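Step one of this worksheet: look at the structure below.
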């Protein structure tokens, strides 16, 4: 006999019940909820900021690192960005109801595959409170209930933001429980959350490697991993070296702390002697660590530790390897890559085609910076993450990736013989 | 420090290595492998049958149930069906390389989303040895390595079939390890198999509820569940009752042991008094169990046990419920359904539209038998199962569902500003 439901299970049931109503809501109601939530967030900015101040005080008292405090901090501008994000999502096309494809069978059955909401989308995330608003907005627009579990350090901020969003949802005539924040931020509750199979249709983690590993080991609900990006730029023998420099500098330094930044440079031996010294100058301020061949060609490259080629530095640091040919480059990426975004710089059509066909990653780029692998840059209008797994969603996830499909089969009494 | 790889891990590495070659193979080589495998299976039918005879002897010695023995048994006809199945898969279009969509961004980047193989597809299955050939054929055609784990009772049969397929693959110039059978059929090996995260891109279980539950609880690799079908036929107030009878009888009795057979009849109260006695006559030989209202209207309906409405009988047994309106029917299905296939019989457009929009299942049917929810009947040419989950694949899974996508981004030196 199962015992009485826990508090978390009750929350899950409420999210499930709300999800059925949100799934049936038309675009107008969903957009109204998002716009009302945005307005309420703006109007109540002071409330949100004072909740955030309490979280910040606690973080400082606990001696949290400055980067943690920075991620946690809200200000008027950040709150306005959250509201603007909700309005932007409201302006996007509704993915629900889209007919993906359809056909007629010889027996006269009409078959349509229609895009429908997933149901309850759970998001488990670390300190940034803006995820509360961003994730809830995308989930709602795609017709889902948002079941959110942020970190303990951001609890007061997340509560204040959630209160605004729930009020917006209610103003639009939808159930408040379309946005639920889990307030028990213990580790036990996190583990129980990722095992709420009756309530959660899809779990999306937003956080670092230890969160991802916990999900992979303990989650029993379906999930989509927004994983590491150990992204490579491969400079081919036939590369335009000016272009390669520009792409490399952009991919490494334009925003080093994000998953689509480059972490590793792989250079064809034919051009390494010319390219590496130029790259080292162009990447001034970036720590370079490399294999023996790269070090022999450019003295500013330090020795790479054994695991440096598999690390996501998320910092101004780059690993460097010299390879004899395209096959060796593809093999290097197969061994060390994380399946996120991999770029080749080349003018050689065959090399470009082999690279795009043989490198196994969510995105492969030819003569472009890895930094473009992103929902906004792909034109999705918004993104909830970048999937590095192969099932369901791969690469930047927009609204469509927060839906599933349903077959609708229409007949006139057909039976199977 | 991780220890040396286990035998199973070695097998996984071999499958992974082979998968890279199969992924690059063109349609001609993959089809040649399937056709050669089919021919070898036919030529070596005696070998396969004698391996199967040994499995059958062992099953009888262990006192296996007759249904188990029936599922295990091969004969010339079944082997020819397996070979024909491989030839049929060879005749299907290759899903790999299909451009799912593509567009150009304002900055000139060309983005294409291209269908690519998953990599290593693992299949864990129960007694039927034909799954070895069917699953391997579909995996190979979609460019994947097939990593198979059948049951201990069918090990000799599966080994014999796998040997034929591996020889066929080798004849086509592809690596034999594109088809690998795990020969350790212990429960420990099964659990380790479903946790081989480095080697398995997607796991598909083919088996009963206890296998599914084991996967849900213990698997750490990504999986797609081919789950239960507790399928309903709802006879609306506005149904053509002749059509409803024909659909009900077909859905329940045409092949009661499969997942898309109906397990439950839900009838609108306005027509239940007329429909239930006619249904009981038409379903002679089917055991009917129902709620109090249905029993009051038709004496041959016995009392339903509390869990009968949530059970997949897979037998000549049907649960029956009378409801007051469409909302109650939709609620009944939401509570008891398994998200597989749900049918409404009605002439009322509004009822049909509400049912198809509000019932949450892989397939919803209007005026057609649930038995049509099947890869062959949908026109996919073949199927590896019917997914009842919402991520990645939902409903019948054909070749496309054994693939993933990759973004290919082509530029002329674009960098992000």
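None of the figures in this text is laboratory data; all of them are computed from the coordinates on show. Source: prediction; values computed, not measured. So basically every Cβ, Gly included, is an ideal-geometry build from the backbone, and we count neighbours across all protein chains shown.
Roughly what would the spin-label model give for residue A:218 and residue B:274, points 7 Å off Cα along C-beta, in nm?
The answer from the label model is 5.9 nm.
Within the stretch A:375-417, whose backbone N sits under 16 Å from a point 7 Å along Cα→Cβ of residue A:110?
A:407-414
To the nearest 10 degrees, how steep is helix B:326-336 against the longest Cα principal axis of chain B, on a 0 to 90 scale?
The angle comes out near 50 degrees.
Could the peptides B:175-187, B:281-293 be put in order, highest first, of the mean number of other beta-carbon atoms found within 10 Å of their residues? Each step should come with its number before you reach the end.
Working: B:175-187: 19.6, B:281-293: 16.2.
Result, highest mean Cβ count within 10 Å first: B:175-187, B:281-293.
Calculate how many DSSP beta bridges within the stretch B:231-377 are antiparallel, expressed in % of all such bridges and rounded to the nearest 5. Working shown, then result.
Working: 0 of 24 bridges.
Antiparallel bridges: around 0 percent, rounded to the nearest 5.
Rounded to the nearest 0.05, what FRET efficiency do residue B:50 and residue B:17 give with R0 = 22 Å and r taken as the Cβ-Cβ distance? Could you check?
On the way: r = 32 Å, r/R0 = 1.47.
The value I calculate is 0.10.
Angle, helix B:241-253 long axis vs. longest principal axis of chain B, Cα atoms, 0 to 90°, nearest 10?
Long axis of B:241-253 versus the principal axis of chain B: about 40 degrees.
Let me test this: with uniform point scatterers at the alpha carbons of the stretch B:214-283, what is the Debye-based log₁₀ I(q)/I(0) at q = 0.17, 0.26 1/Å?
Treating every Cα as an identical point scatterer, log10 I(q)/I(0) equals -0.64, -1.15.
What value does chain A have for Rg/Rh, both radii from Cα atoms and Rh as Kirkwood defines it? Don't jump to the answer; show the numbers that get you there.
Numbers: Rg = 23.9 Å, Rh = 23.3 Å.
Answer for chain A: 1.03.
How far is residue A:10 from the same spot in each other copy, in nm, shortest first, if each label point sits 7 Å from Cα toward Cβ?
5.6
How much of the DSSP bridge set in the protein assembly as shown is antiparallel, in percent, rounded to the nearest 5? Walk me through the numbers on the way to the answer.
Working: 32 of 118 bridges.
Among the beta bridges of the protein assembly as shown, antiparallel pairing accounts for roughly 25 percent.
Across the residues of B:358-370, average count of Cβ atoms on other protein chains within 10 Å? Display every interim value, and only then the final one.
Values: counts 3, 1, 9, 2, 4, 6, 6, 8, 7, 7, 13, 7, 2.
Mean partner-chain Cβ count within 10 Å for B:358-370: 6.
Take peptides B:322-330, A:355-363, A:36-44 and line them up by average Cβ neighbours within 10 Å, highest first, as a rough protection proxy. Walk me through the intermediate numbers first.
Details: B:322-330: 19.1, A:355-363: 23.1, A:36-44: 20.8.
Ranking the peptides B:322-330, A:355-363, A:36-44 by packing returns A:355-363, A:36-44, B:322-330.
Can you give me the Rg/Rh ratio for the protein assembly as shown, using Cα atoms for both radii and the Kirkwood formula for Rh? Each step should come with its number before you reach the end.
Details: Rg = 28.3 Å, Rh = 28.7 Å.
Using Cα coordinates only, the ratio equals 0.99.
Below 8 Å between Cα atoms, with a sequence gap of 6+, how large is the relative contact order for the stretch A:113-191 in percent? Provide the component values of the computation, followed by the final result.
Working: 108 pairs, mean separation 24.4, N = 79.
Taking the mean separation of contacting Cα pairs over the length of the stretch A:113-191, I get 31 percent.
What does the average come to when, for each residue of peptide A:253-260, you count the partner chain Cβ atoms lying within 10 Å of its Cβ? Working shown, then result.
Numbers: counts 0, 3, 1, 0, 0, 0, 0, 1.
That works out to 1 on average.
How long is the gain from residue B:315 to residue B:296 if the chain were fully straight, where each residue apart is worth 0.36 nm and the alpha carbon distance is subtracted? Walk me through the numbers before you get to the answer.
Details: separation 19, 0.36 × 19 = 6.84 nm, distance 2.42 nm.
That pair, residue B:315 and residue B:296, stretches by 4.4 nm at full extension.
Could you order the peptides A:299-308, A:164-173 from most to least packed, using the average number of other C-beta atoms within 10 Å per residue?
Values: A:299-308: 14.2, A:164-173: 21.8.
Going by the mean number of other Cβ atoms within 10 Å, highest first, we get A:164-173, A:299-308.
Please find the FRET efficiency linking residue A:171 to residue B:282, where r is the Cβ-Cβ separation and R0 is fixed at 45 Å, and quote it to the nearest 0.05. Don't skip to the answer; put the middle values down first.
Values: r = 52 Å, r/R0 = 1.16.
With R0 = 45 Å, the Cβ-Cβ based efficiency is 0.30.
Please compute the contact order of the stretch B:22-96 in relative form: average sequence separation of alpha-carbon pairs under 8 Å and at least six residues apart, divided by the residue count, as a percent. Intermediate results must be reported in sequence, preceding the final value.
Values: 43 pairs, mean separation 37.4, N = 75.
Contact order relative to length: 50 percent.
Using the beta-carbon distance between residue B:58 and residue B:334 and R0 = 45 Å, what value does 1/(1 + (r/R0)^6) give for FRET efficiency, to the nearest 0.05?
Calculated value: 0.50.
Roughly what angle does helix A:349-358 make with the longest principal axis of chain A, taking Cα atoms, 0 to 90 degrees, to the nearest 10?
So the inclination is approximately 50 degrees.
Quick one: in the stretch B:248-294, what % of C-alpha pairs are over 18 Å apart? Walk me through the numbers on the way to the answer.
On the way: 299 of 1081 pairs.
Value for the stretch B:248-294: 28 percent of Cα pairs lie more than 18 Å apart.
Modelling each spin label as a point 7 Å along the Cα-to-Cβ direction, I'd like the residue A:185/residue A:327 distance in nm, to one decimal.
Inter-label distance under the simple model: 5.4 nm.
Closest approach to the B-A rotation axis by any Cβ of B: residue and distance in angstrom?
B:392, 2
Run a plain Debye calculation on the stretch A:231-374 (Cα atoms as equal point scatterers, no solvent) and give log10 I(q)/I(0) at q = 0.12, 0.19 Å⁻¹, rounded to two decimals, same order as the q list.
-0.38, -1.06
Sum -39500 (n - 2.57) across every DSSP H segment of at least 4 residues in chain A, then divide by the residue count to get the 222 nm mean residue ellipticity, nearest 500.
Details: 15 runs with 179 residues, N = 417.
Helix contribution divided over all residues of chain A: -13500 deg cm²/dmol.
Shielding of B:100-113 by partners, i.e. mean partner chain Cβ atoms within 10 Å per residue? Can you show the working numbers first?
On the way: counts 0, 0, 0, 2, 1, 4, 1, 3, 1, 9, 2, 9, 1, 4.
That works out to 3 on average.
If contacts are Cα pairs under 8 angstrom and at least 6 residues apart, what is the relative contact order of chain A in percent?
Working: 870 pairs, mean separation 74.9, N = 417.
Relative contact order, chain A: 18 percent.
Shortest first and in nm with one decimal, please list how far the residue A:209 label point sits from its counterparts in the other copies (point 7 Å along Cα→Cβ).
4.2
Nearest-5 percent of antiparallel DSSP beta bridges in chain A? Mind dumping the intermediate values first?
Numbers: 16 of 54 bridges.
That works out to approximately 30 percent antiparallel.
List the distances, in nm and shortest first, from the label point of residue A:26 to the matching label points in every other copy, placing each point 7 Å from Cα along the Cα-to-Cβ direction.
Reported distances to equivalent positions: 5.3 nm.
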